[in-house]
1. Compute the acute angle (0 to 90°) between the alpha-carbon long axis of helix 204-216 and the principal axis of greatest extent of the alpha-carbon atoms of the chain; round to the nearest 10°.
2. For the chain, with the dipole built from +1 on Lys and Arg beta-carbon atoms and -1 on Asp and Glu ones, taken about the Cα centre, which of 183, 202, 240 lies farthest toward the positive end?
3. Tell me, in nm to one decimal, what length is gained between residue 417 and residue 147 on full extension, where the rule is 0.36 nm per residue of separation less the Cα-Cα distance?
4. Quick check: the angle from helix 249-262's long axis to the longest principal axis of the chain, C-alpha only, nearest 10 degrees?
5. I need the shape label for the stretch 311-438. Rule: rounded when a/c is under 1.5, else prolate if a/b > b/c, else oblate, with a, b, c from the alpha carbon gyration tensor.
6. Does the stretch 21-130 classify as rounded, prolate or oblate by the C-alpha gyration tensor (a ≥ b ≥ c root eigenvalues; a/c under 1.5 gives rounded; else a/b over b/c gives prolate, otherwise oblate)?
7. For a quick check: with amide H placed at 1.01 Å from N, whose amide H comes under 5 Å from residue 90's, ignoring anything fewer than 5 positions away on the same chain?
8. Kindly state, to the nearest 0.05, the FRET efficiency for residue 405 paired with residue 4, given R0 = 22 Å and r defined as their beta-carbon distance.
Amino acid sequence: MEKITLNPISHIEGTINLPGSKSLSNRALLLAALANGTTKVTNLLDSDDVRHMLNALKQLGVNYQLSEDKSVCEVQGLGGAFQWQSGLALFLGNAGTAMRPLAAALCLASPNATSSEIVLTGEPRMKERPIKHLVEALLQAGADIQYLEQDGYPPIAIRNTGLKGGKVKIDGSVSSQFLTALLMAAPLATDDMEIEIIGELVSKPYIDITLNMMQIFGVNVENQQYQRFIVKGNQQYQSPRHFLVEGDASSASYFLAAGAIKGKVKVTGVGKNSIQGDRLFADVLEKIGAKITWGEDFIQAEQGDLVGIDMDMNHIPDAAMTIATTALFAKGETCIRNIYNWRVKETDRLTAMATELRKVGATVEEGDDFIRIQPLALDQFKHAEIETYNDHRMAMCFALIALSNTEVTILDPKCTAKTFPTFFDEFLAMATVNSPSG
């Protein structure tokens, strides 16, 4: 297995222009495909997840032109639902941002289409990631979906029999992607849809992204305190002609945390007016003692005296992972709460994080929906080989361990290709690295 060893970093300083957001990139591509007109999507993320979406759209008959550097994609919208030949299978890797929204969109019936079946499948880990709550909601709206292996999980077979709308209940406690998928398909249902949330909706800022982007594509949704959403049926998305993908606020977290621990780092492409909830990661860094500066299109984090925190981070689950490794450099205990949905991401991130933190010498308590972490002095860190579980965020979070006095080895570093293929190059370009001992 490939690995990379990061030698101890004494200081980190610089500016990084962030790659495009994965969440915005895949939403933009899907909405552009369903819309009337041609949409030029710029600052598109070049990553595994986006490639899976692009490949799927091509198989579904969507015409698009991708620039040589893959940062600009001109999508010719279908002006409605997909049409395809029966027997098609889409392989979506481990891309939840492709699997969930496509599962909903493919239920829609095109006016002239004959009934056809399509299969959605992916990597072994995708077959372990639940989709039951979305499927149950789509069935209530009139969809025809079957599980092909294990009930509640991909692969699934879908027939384009259409969505009728009406009253639909959906469990919001596991993943906001289920609601995002339902919301994006709902305007193309034949009737109005009233979506009621069962339980507490997780990751609300990601729903804000979805609603904001639907509005940009000409569809308004009535949001009743995140408990009920009303969507008018029989609508069409309209291309805004141009959509700029913001820099990825989740990817910003690793660089901002590094600046907070041992230097000064500015990230550009995301700022105080960003529509991404993970911009709020900077507020968490400020609470633990970092010096934060906000601009229209940048955030800067500077080293401060970091202290532990006890906080509900359900609103920023991806960026919250970065706090777990940052916590090792703070004074006092850190507890990250209400993060059960870590368990249904690219890997079981709660168990994975606890396991790998212990390898570097940390004392960690793993709960059902929380993690409690004790800090380490800079000379108490142990060298370890960090297992990444084919999870891009595990690899990027543990790069921060190099800011101690100990080197760290990251296994399978190329797993960052899911969202940030050049992460380690960019990270090390800002670092002042101590020479390896011996």
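The values are calculated or read from the model by the stated rules, or taken from the named source; none is laboratory data. Predicted, not measured: the structure shown is a model, and the values here were computed from it. All Cβ positions, glycine included, derive from the backbone under ideal geometry; neighbour counts span all protein chains shown. Remember, those area values only see protein heavy atoms, side chains included, never the ligands or the DNA or RNA. Shrake-Rupley method; radii C 1.70, N 1.55, O 1.52, S 1.80 Å.
1. Between helix and principal axis, roughly 50 degrees.
2. 240
3. Working: separation 270, 0.36 × 270 = 97.20 nm, distance 2.92 nm.
Extra length from residue 417 to residue 147 when fully extended: 94.3 nm.
4. Rounded to the nearest ten degrees, it is 10.
5. Numbers: a/c = 1.83, a/b = 1.23, b/c = 1.49.
It comes out oblate by the Cα gyration axes.
6. On the way: a/c = 1.93, a/b = 1.08, b/c = 1.79.
Oblate, because a/c is 1.5 or more while a/b does not exceed b/c.
7. Distant-sequence amide H within range of residue 90: 119, 120, 121.
8. On the way: r = 19 Å, r/R0 = 0.85.
Once the sixth-power term is evaluated, E becomes 0.75.
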